[in-house]
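For reference, the structure discussed in these notes is given below.
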């Protein structure tokens, strides 16, 4: 399964794209603002996650600089 997120300032253009998607059998779902923010937060967490141990004291000192 592939997913595409589209954002447009033009409701008319977005409607055109969603109508076309539905016509060719692609499911369309509109996200709420909260759902979009949750996806953005999850992406940021997964990108920043390295799996490596970070010493708390060293991390706090780096924030002070």
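Just so you know, all these numbers are worked out from the coordinates, no wet-lab data involved. Predicted, not measured: the structure shown is a model, and the values here were computed from it. Cβ placement follows ideal geometry from the backbone for every residue including glycine, while neighbour counts extend to all protein chains displayed.
The table for this structure:
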read-out	value
Likely footprinting exposure, 38, 55, fewest C-beta neighbours within 10 Å first	55, 38
Degrees, to the nearest 10: 33-48 long Cα axis against longest axis of the chain	40 degrees
Sorted by Cβ density within 10 Å, fewest first, the residues 26, 60	60, 26
Candidate values (i) 54; (ii) 42; (iii) 63, label of the one derived for percent of Cα pairs over 17 Å apart	(iii)
Extension gain from residue 33 to residue 11, taking 0.36 nm per residue of separation minus the Cα-Cα distance	6.4 nm
